[in-house]
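The values are calculated or read from the model by the stated rules, or taken from the named source; none is laboratory data. Since this is a predicted model, take the numbers as computed values, not measurements. All Cβ positions, even for glycine, are placed from backbone atoms using ideal geometry, and neighbour counts span all protein chains on display. Protein only, heavy atoms only, side chains kept; ligands, DNA and RNA dropped before computing areas. Shrake-Rupley method; radii C 1.70, N 1.55, O 1.52, S 1.80 Å.
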Amino acid sequence: MSDHALSVRELWKIFGARADRVVGTADADLPRSELKERTGCVAAVKDVSFDVDKGEVFVVMGLSGSGKSTLVRCLTRLIEPTAGEIVIDGEDVRSMSTARLRELRRHHVAMVFQHFGLLPHRTVVDNVAYGLEIRGLGKAERHAKAAEYIDLVGLTGNEHSYPDQLSGGMQQRVGLARALAVNPTVMLFDEPFSALDPLIRRDMQNEVIRLHSEVGKTMVFITHDLSEALKLGDRILIMRDGELVQVGSPAEIVAQPADDYVRDFVSEVPRSHVLTLRWVMRDPLPDDSLEGPVMPADRVVRDAAREALDSEHPVRVHDGDMFLGIVDDDAILRVVVAEEGAA
Amino acid sequence: MTTTASPPTRTVSPPPAQQRRGLGLRSFGRRGALAVVVVAWLGLWTALRGRATLEIGGAELTGFHEWLDRQRDSLAAQRDTNWLLQYGVGGISDGLNATVDFLRELISEPAFPRPFPEIGYLGVIGVFCLIAYAVAGLRSMLLVLVSLLAFGALGYWELSLDLLIVTLVAVTICVLIGLPLAIVMARSRKVDAVVTPALDLLQTLPSFAYLAPLALFFGIGPAAAVVTTALYAFPPVVRVAAHGIRHVAPTTVEASRSLGSTPWQQLRTVQLPMAKRTIVVGVNQTTMAALSMATIAALINGPGLGQPVAQALQSLDVGAAVVASLGIVIMAVMLDRVTTAASVRGELATRRGDSARLRRTALAVGVVSAGYLVYLSRTFSWAADVPESPDLGTPIADATSDASDWFIDTFRDSTQALKDGFSYGLLNPLQSVLADSPWFVSATALLAIAGIIAGRRAVVSTAICELVILGTGLWNEAMNTLTTTLVAAAFTMLIAIVVGVWMGRGRLVDTVVRPLLDTLQTLPPFVYLVPFVALFAASRFTAIVAAVAFAAPVAIKLVADGIRGVSPTTVEAARSAGSSSWQTITKVQLPMARGSVVLAANQGLLYVFSMVVIGGLVGGGGLGYLVVLGFRQAELFGKGLAAGIAITALAVMLDRIARYAVTRTGRT
Ligand SMILES: Nc1ncnc2c1ncn2[C@@H]1O[C@H](COP(=O)(O)OP(=O)(O)OP(=O)(O)O)[C@@H](O)[C@H]1O
Ligand SMILES: [Mg+2]
């Protein structure tokens, strides 16, 4: 338990008058549209549970309206949850007093927003220092700290610009620096890059990967872009109409979609880029050769393909010292060729 | 209006055509019902005219009027014994009087034992220019300088400053109370739901309705003037500020919350700075409203430029009225430009990082120079006194007096013919129908008309308002006022549609005319009376023309915006099918801009009404005249107060009918 940075149990958020009368009744099991018709309430998050490990990048995905934004806002009670339990760093968030909650937001959890949410009347440095100012830090101190993070996100030289003088990508770097500046243990991202054009978006994704390797924060990252999810996520949670559909590593989700909704999602994915050997191996048959090269189970098919195809013998898949199974040329080709057929 | 009933042109694309066919049918039904009501009314009028009209003589008082008089007397008697009156109303009154007196002795009146105010002529110029520079920049400073010099040259230095004092004290009160209220409103739906209707009501009432009730509690003088002005000017700043705060980008507020800010921190660092510009727009609107009320408050002895205008209107001294209202116009333009510049300025000033130092230097120089001018004005009488020359006031007064006399003399016959034609051809017959029918006939007919054009809710409001008017004992006078209002509103709409269509169809016309209309809209209503008195002397006709002039700018702008808003593709389609301009206007643009036209009628009606009431000062008669008389003759106070109540009821009635009519057309 204690090695989770964040755990969520049976979380509900229902919008509307008398929302608290819905959870625990038969109405709660109704599909969204029927619930809306019967009670006028919208179930934005329905009975969601998951854990996020320390240092993990945890991605939440789903179509528009599936409740991602609501879910991530419930974590620090920017939106008050209707029912359920949230534990951050071992502390129960839902029972926190207002003051304690503010402490949590000031020191432990910071958020980056889709539309940046910068203060247009303040310069970059004052925007980045904003969280520190809220904490009550003196001007000189917070400016010095802000300068560090402006440097970290590569905005040095723009300290005294105003947000509307920056490009969208640069503005989001300010948003990123503002969140980083409070040195939180958990960072929340609500579709931070979907307002940016594709090239800038790729830059910013790489930026997040770099920052994650440098500062090693726990991150909860909302997106509706699957390639972004696969690129950044250690694990992915998929939501539909407020409900959790599947949680797993990218390879797991691609290899074993829980239902048609997820299968549809991942149908366009280049499987060889995502699937690891663990998901294509099989148990050795009596007449299989066991002299092929040894590879780790979490190697991606694409990286293994050349060596596997070159070798006469099927690849032996190991997890550490343990032998798990074998991958023959057919298995490799099925992944690679199926994909080319699809493309 | 016949256009809506005519079959739609084939040229128009289907959706609007269908829409108009629906409208046409429905409005035909309504029109038929209206015709029935009017015919029935006319029939009853012919049969019963002159009976049960509830007309009362000029000096005649009803029991209610006497009761109001007694209330005034008993309030006066209790002033020293009743706790609430003594410390509540009395305290406020004393505080405001003291504030105004203090400021007057500071800048406009001799501060005993000195022969001059604490700060004399040059000092005042220095200080005001400095303030203008600090809040609004160099151009505003020059405008303030020129305006102040003009006040002196017109011969109204003290009264101009007095008007400024009353206006600014009222605005300060509005902002001090209004801003916190706006903040609370923006945060709480409940407070908003309570305050908004109250503000609506305040904004519906014409300025004259405020005078009598406040005089009842505060007597007459500076305190009453400030309170009236503040009440009248209060709604815009609250509304606009609440709107601004409420509409600050929600993501930014959320970002601030996500970093653990307290509500107070959110307000201070996000909402107020981001809404600042909108808030200043609200202050601008409040300032202009305050200026217009502060001039009218001259009728309850409010100090300032309204006084000479009121006196001159009473004695029909056109020259003096023109000079004093010129001062008011200059003041209006000055306050409008300075507050507008201030709203733009804030951000720009902080943005230009490098020129900040320059500005600081300039400010420092300004402070020193203003200080020096103040010192001069306290030390030397030449610096404290308003210079004798140039004297623009006397020549302007003489010239306009002469011109007015000449015009009235030369065109006596034609203006008289115009007025007579207007009176006998239009005004008197209509007035006869409204006021000479038995009261129950008019009342029922009005209810029916309200129901037909505005629906059931309007009938309820109309009934309540009619009961109130009957209760005041001034039914007949109210019908006279209503007649004048309806006639003026009809002319206003005629002008609004003609000019509005012209503006809406031509960009060039729009760019030329619009700034003029904007300026006209900032002028206090008092000022509108003056030129028409100069042309037509005092009469009902004068009041109507002034009302039309006052209401036309708003209505024209609304119509023009509506015409402009008609989809250009539709207009193009009509033209490509060979419609003439006239056909395009009457069959496409006007019907499609119907919503705006109805809105223009709504606003025009309310503006006309408030001006018609003020027209009581220049021979307009009716309820407004009774309000004025109430302040002039002590024994008519109760009647004047009753007239104020009747005005309120009539205003609410017109507003409700107009408003429900708008929502109705909005839905079709
Ligand atoms: N304040 C609210 N009141 C009522 N319903 C709401 C509110 N906020 C969100 N909802 C509803 O909750 C559901 C989930 O919304 P949410 O914004 O969490 O979706 P999302 O997954 O973030 O979508 P997107 O990708 O468009 O951002 C939607 O149906 C939305 O209409
Ligand atoms: Mg969202």
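How many nm is it between the label spots at residue B:361 and residue A:95, if each spot is 7 Å from the Cα in line with the beta carbon?
6.5 nm
In Å and whole numbers, how far do the C-alpha atoms of the stretch B:589-668 stretch along each principal axis, longest first?
In descending order, the Cα extents are 53, 21, 11 Å.
Could you bin all the Cα-Cα distances of the stretch A:190-343 into 10 Å bins starting at 0 and give me the percent of pairs in each, rounded to whole numbers?
10, 33, 32, 19, 5, 0
Kindly identify the stretch B:357-484 as rounded, prolate or oblate by the Cα gyration tensor criterion: order the square roots of the eigenvalues as a ≥ b ≥ c, call it rounded if a/c is under 1.5, otherwise compare a/b with b/c, prolate if a/b is larger, else oblate.
Because a/c hits 1.5 or more and a/b fails to exceed b/c, the stretch B:357-484 counts as oblate.
Local charge sum around residue A:174 (other residues, Cβ-Cβ under 12 Å, Lys/Arg +1, Asp/Glu -1)? All intermediate terms of the calculation are to be shown ahead of the outcome.
Numbers: positive: A:122, A:173, A:178; negative: A:126, A:159, A:164.
Taking every other residue near residue A:174 into account, the sum is 0.
So which lysines pass the test for residue A:145, namely a Cα distance under 19 Å, with those fewer than 8 places away in the same chain ruled out?
A:217
Could you work out how far apart the two model spin labels at residue B:381 and residue B:191 are, taking each label as a point 7 Å from the Cα in the direction of the beta carbon, and quote it in nm?
Roughly 5.5 nm, to one decimal.
Which log10 I(q)/I(0) values does the stretch B:245-375 give at q = 0.15 Å⁻¹ under the Debye formula, counting every alpha carbon as one identical point scatterer?
-0.94
Tell me, what is the percent relative contact order of the stretch A:213-282, built from C-alpha pairs under 8 Å that lie six or more residues apart?
Rounded, it is 23 percent for the stretch A:213-282.
Show me you know the interface measure: the accessible area buried between B and A, both chains summed, probe 1.4 Å, in Å² to the nearest 100. Can you show the working numbers first?
Working: alone 30340 and 16420 Å², together 44800 Å².
Buried area between the two chains comes out at roughly 2000 Å².
Net charge around residue A:284, counting only other residues with Cβ within less than 11 Å of its Cβ (Lys, Arg = +1; Asp, Glu = -1)?
Net of charged neighbours comes to -2.
Which distance in Å, rounded to a whole number, links the C-alpha centroids of the stretch B:112-164 and the stretch A:156-211?
Each part reduced to its Cα centre gives a spacing of 51 Å.
Kirkwood Rh and Cα-based Rg: tell me the resulting Rg over Rh for the protein assembly as shown, rounded to two decimals.
1.08
How big is chain A by Rg and Dmax over its Cα atoms, in Å?
Both quantities, over Cα of chain A: 22.9, 74 Å.
Which semi-axes, in whole Å and largest first, does the equivalent ellipsoid of the stretch B:134-198 have when worked out from the alpha carbon gyration tensor as the square roots of 5 times its eigenvalues? If you can, show how the numbers build up before the last one.
Working: eigenvalues 266, 46, 12 Å².
Those come to 36, 15, 8 Å.
What's the average, rounded to a whole number, of partner chain beta-carbon atoms within 10 Å of each residue's beta-carbon in A:109-117?
The per-residue average across the peptide is 5.
With point charges of +1 on the Cβ of Lys and Arg and -1 on the Cβ of Asp and Glu, referenced to the Cα centre of the stretch B:179-320, which listed residue (B:296, B:262, B:185) lies farthest in the positive direction of the dipole?
B:262
Per residue, what volume in Å³ does the Cα convex hull of the stretch A:204-291 take up?
Value for the stretch A:204-291: 147 Å³ per residue.
In whole percent, and with a 1.4 Å probe on the protein chains, what portion of the accessible area of the stretch A:73-156 is carbon and sulfur?
Carbon and sulfur together cover 48 percent of it.
Suppose a student asked you for the relative contact order of chain A, using Cα pairs under 8 Å spaced at least 6 residues apart; what percent would you report?
Worked out over chain A, it gives 17 percent.
What nm value, rounded to one decimal, do you get for the distance between residue B:101 and residue B:411 when each label is placed 7 Å out toward the C-beta?
4.8 nm
Give me the Debye-computed log₁₀ of I(q)/I(0) at q = 0.15, 0.19, 0.20, 0.25 Å⁻¹ for the stretch B:508-595, equal point scatterers on Cα only, no solvent, two decimals.
These q points yield log10 I(q)/I(0) values of -0.71, -0.88, -0.92, -1.14.
Quick one: what do you get for the stretch B:174-314 if you divide its Cα Rg by 2.2 N^0.38 Å?
Normalised by 2.2 N^0.38 Å, the Cα Rg of the stretch B:174-314 equals 1.26.
What is the Å³ per residue value for the convex hull set by the Cα atoms of chain B?
Working: hull volume 131.2 nm³, N = 668.
That works out to 196 Å³ per residue.
Leaving out ligands and nucleic acids, note down the accessible area per residue over the protein assembly as shown with a 1.4 angstrom probe, in whole Å².
Computed with neighbouring chains in place, this is 44 Å² per residue.
Just report the Cα centroid separation between the stretch B:444-508 and the stretch A:245-315, whole Å.
Their Cα centres are 80 Å away from one another.
Could you order B:449, B:563 by accessible surface area, starting with the largest, using a probe radius of 1.4 Å?
Result, largest first: B:449, B:563.
Of A:96, A:78, A:123, whose Cα points farthest to the positive end of the dipole of the stretch A:52-126 (charges on the beta-carbon: +1 Lys, Arg; -1 Asp, Glu; origin at the Cα centre)?
Toward the positive end, the furthest listed residue is A:123.
Ignoring ligands, DNA and RNA, what percent of the accessible area of the stretch B:438-577 is carbon or sulfur (1.4 Å)?
Its accessible area is 73 percent carbon and sulfur atoms.
Of all the accessible heavy-atom surface of the stretch A:209-343, with the other protein chains kept in place and a 1.4 Å probe, what percent is carbon and sulfur?
Carbon with sulfur: 47 percent of the solvent-accessible area.
Compute the angle between helix A:168-181 and the longest alpha-carbon principal axis of chain A, please, reported from 0 to 90 degrees and rounded to the nearest 10.
The two axes meet at around 80 degrees.
For chain B, what does the relative contact order come out to in percent, with C-alpha contacts under 8 Å and a separation of six or more?
21 percent
Which entries in the list A:68/B:190; A:68/A:231; A:68/B:276; A:46/B:190; A:13/B:276 go over 27 Å, if you measure between the two C-alpha atoms of each?
Check vs 27 Å cut-off fails for A:68/B:190; A:68/B:276; A:46/B:190; A:13/B:276.
Determine the shielding of peptide B:235-247 by partner chains: average, over its residues, the number of Cβ atoms on other chains within 10 angstrom of each Cβ. Walk me through the intermediate numbers first.
Working: counts 0, 0, 0, 0, 0, 0, 0, 0, 0, 0, 0, 0, 0.
Going residue by residue through B:235-247 and averaging, the value is 0.
So what's the projected area for the stretch B:82-123, the Cα convex hull averaged over all directions, in nm²?
Numbers: hull surface 12.9 nm².
Average of the hull's projected areas for the stretch B:82-123 equals 3.2 nm².
For the stretch B:66-221, just say rounded, prolate or oblate: build the C-alpha gyration tensor, square-root its eigenvalues into a ≥ b ≥ c, call rounded for a/c under 1.5, and beyond that prolate if a/b exceeds b/c, oblate if not.
oblate
Among A:160, A:318, B:65, what's the order by accessible area (1.4 angstrom probe), most exposed first?
Of A:160, A:318, B:65, the descending order of accessible area is A:160, A:318, B:65.
Heavy atoms only, 1.4 Å probe, whole protein assembly: order B:276, A:139 by accessible area, highest first.
A:139, B:276
Keeping all protein chains in the complex and leaving out DNA, RNA and ligands, what accessible area do you get for residue B:368 with a 1.4 Å probe, in Å² to the nearest 10?
The accessible area of residue B:368 comes to roughly 100 Å².
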